[in-house]
Structure formats: C-alpha cells, structure tokens
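Peer 1: Can you keep this structure in mind? I'll have questions shortly.
The values are calculated or read from the model by the stated rules, or taken from the named source; none is laboratory data. Given the structure is predicted, the values throughout are model-derived calculations rather than measurements. Here Cβ is always computed from backbone atoms with ideal geometry, including for glycine, and neighbour counts include all displayed protein chains.
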C-alpha cells in the first residue's frame with residue numbers, strides 16, 4: 001500500500017492501473033484493496049487512495065488520468081474553458097472538464113458525464129505544463145474558444161489577462177488580438193439544405209470566419225475526423241456515412257462586399273500573414 005501512496009501523491013491521491021503495473025503491482029491487488037475499502041475506483045482504470053484529501057485541481061487530474069488510462073492516448077491536454085480555469089484567467093467557470101485528445105483516439109469506454117471530449121492533433125507548441133497539468137497553450141485555447149463558442153468578448157479577456165499574468169509576450173498578445181478581431185469581422189449569410197434537389201431547410205448564419213483560423217480542423221465529406229459539431233457523437237467518430245454519396249456540390253456566389261469592406265479584408269489578411277511569419 002505504501003508503494004501505491006507514493007505513486008498517488010503526485011496526483012492528489014489518484015493513480016491508474018497502468019501506473020501500478022509499471023511499479024510491479026498486479027491488477028488483482030488493486031481489486032482486493034478496492035473491495036476492502038482502501039482504494040476507491042473512480043473510473044475505469046483509475047483509483048483514488050481512500051480518505052486522501054482533495055485538492056483544487058483533483059478533478060482535472062482525474063480527467064487526465066482517465067483519458068490516458070487503459071492504453072489511452074498520451075498526447076492530450078485540458079482545453080477550452082477548463083484550460084482557462086487552471087491558468088486562472090478570465091471569468092470562465094466550466095460545468096464540465098474539457099479535454100482534447102488526438103483525432104485518431106477512440107475512447108470507446110463510456111466517459112464520465114462531467115468530461116467533454118474534443119478531438120484535435122496537438123503539436124508540441126500547442127501544449128504547456130502548468131500546475132503539473134497538460135494544458136493547451138494560450139493561443140490554442142483562444143482558437144478553441146472562438147471556434148466552439150464564437151465569444152469574442154471572452155477571447156479578448158483571455159488575451160488581456162494572459163498578458164497581465166505574463167503567460168504571453170506583448171508581440172503574442174498583439175497577434176492574438178488581431179486574430180480575434182478578424183474573427184469578429186466575419187460576415188454572416190444564409191445556409192440552405194437540399195435533399196435530392198429539394199430544399200428542406202434554411203437559416204441565417206449570423207457570423208462566419210473571415211479567414212482560415214484553426215489549422216487542426218478538417219473539411220470532410222461523409223465523415224467527421226475533426227472536432228464534432230456536437231459532443232453527443234464524439235465516441236462514434238469519424239461517424240462515417242454508410243450510404244452512397246453520388247455528388248457533392250459547393251456553389252460560391254459572387255461576393256457582395258463593398259469597396260470599403262474589401263479594402264479592410266485585404267488589410268486584415270495582410271496583418272494575419274505578417275503575424276504568423
């Protein structure tokens with residue numbers, strides 16, 4: 001038991017069956033200790049030392065251990081509003097723990113309802129270690145917030161707070177502010193859905209991205225290999241269409257920008273290009 005406590009001390013009293021096996025402790029030992037009430041099984045492959053005091057980030061550590069347990073992916077990070085909560089910036093107060101795993105990761109075991117899974121292939125630059133936890137970088141987190149919520153006010157607050165806390169440089173802050181402004185400048189439009197040539201639905205799209213913002217998403221037809229539109233089917237990804245796609249048509253109508261809007265668009269694109277050089 002002392003060996004297990006030593007392992008768990010690094011994670012607020014939590015450990016995985018994989019960590020125990022690496023220390024030479026069999027799964028059957030964990031099962032017996034759980035039956036005796038000395039360990040608590042919090043999720044598949046994750047255990048907690050009974051009566052170990054909870055810490056501020058215990059739930060976040062549990063989410064990371066759960067995602068990586070049972071031969072789960074290693075390249076993962078707490079993301080979106082959860083990353084902001086760990087950084088201690090903005091007024092984000094997520095009701096679930098957001099965690100991003102690789103696109104190819106298939107967490108087929110049922111995940112706790114308090115965990116929201118996102119899929120993206122994170123680069124080394126996208127992940128930082130803060131408070132002993134893997135988090136998406138400030139830049140990646142801003143990108144995720146905009147893509148998932150469209151809340152430019154929150155994104156602006158994140159950039160300001162991150163600069164104030166010293167997480168990013170002034171150059172990085174200025175670059176992110178330009179990116180947020182470009183997102184806000186995206187014009188809306190009307191989306192129309194046709195089935196077998198017959199219009200079945202339409203609706204207003206209040207805002208779009210004025211330029212490509214996130215490089216970790218995909219343009220898929222017949223499947224979804226990036227972040228799902230809704231997390232309800234994340235476990236089923238790539239959620240491939242099983243029928244036959246005979247034709248896929250994209251019709252781009254002539255742009256309706258005024259001369260002033262076109263000039264601003266070109267200026268914004270030039271600034272974005274300079275920002276990533």
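Peer 1: So how many residues does the range 25-62 have that are over 15 Å from residue 13 (Cβ atoms) and in contact (Cβ under 8 Å) with a residue 40 or more places away in the chain?
Peer 2: As a first pass, look at the range 25-62 and keep what is over 15 Å from residue 13 (Cβ atoms): 25-29, 31-32, 35-36, 44-45.
Then drop every residue that is not in contact (Cβ under 8 Å) with a residue 40 or more places away in the chain, which leaves 44.
Matching residues across the range 25-62 total 1.
For every residue, the table says whether it meets (1) on the phi < 0 side of the Ramachandran plot; (2) surrounded by fewer than 22 Cβ atoms within 10 Å (Cβ to Cβ); (3) touching a helix residue (DSSP H, G or I) at 6+ places or on another chain (Cβ under 8 Å).
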{"position": "66", "(1), (2), (3)": "yes, no, no"}
{"position": "69", "(1), (2), (3)": "yes, yes, yes"}
{"position": "73", "(1), (2), (3)": "yes, yes, yes"}
{"position": "79", "(1), (2), (3)": "yes, no, yes"}
{"position": "83", "(1), (2), (3)": "yes, no, yes"}
{"position": "89", "(1), (2), (3)": "yes, yes, yes"}
{"position": "95", "(1), (2), (3)": "yes, yes, no"}
{"position": "121", "(1), (2), (3)": "yes, yes, no"}
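Peer 1: Which members of the range 35-49 meet the condition of being over 31 Å from the mean Cα position of the chain (by Cα) and either at pLDDT 75 or above or assigned to a loop (DSSP other than H, G, I, E, B) (or both)? So that I can check it myself, show each step before the final result.
Peer 2: At the first step, the residues of the range 35-49 found to be over 31 Å from the mean Cα position of the chain (by Cα) are 35-38.
Of everything in the range 35-49, those that are over 31 Å from the mean Cα position of the chain (by Cα) and either at pLDDT 75 or above or assigned to a loop (DSSP other than H, G, I, E, B) (or both) turn out to be 36, 37, 38.
Peer 1: Can you tell which of 257, 265 is at pLDDT below 75 and surrounded by fewer than 13 Cβ atoms within 10 Å (Cβ to Cβ)?
Peer 2: Details: 265 fails: surrounded by fewer than 13 Cβ atoms within 10 Å (Cβ to Cβ).
Exactly one of 257, 265 is at pLDDT below 75 and surrounded by fewer than 13 Cβ atoms within 10 Å (Cβ to Cβ), namely 257.
Peer 1: Can you tell me which residue within the range 97-110, out of those that are surrounded by 19 or more Cβ atoms within 10 Å (Cβ to Cβ) and touching a helix residue (DSSP H, G or I) at 6+ places or on another chain (Cβ under 7 Å), is farthest from residue 148 (Cα to Cα)?
Peer 2: Result: 107.
Results for (1) in contact with a strand residue (DSSP E or B) (Cβ under 7 Å, 6 or more places away or on another chain); (2) at pLDDT below 85; (3) not in a strand (DSSP E or B), shown as yes or no for each residue.
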| site | (1), (2), (3) |
| --- | --- |
| 63 | yes, no, yes |
| 73 | yes, yes, yes |
| 109 | no, yes, yes |
| 122 | yes, no, yes |
| 128 | yes, no, no |
| 135 | yes, no, no |
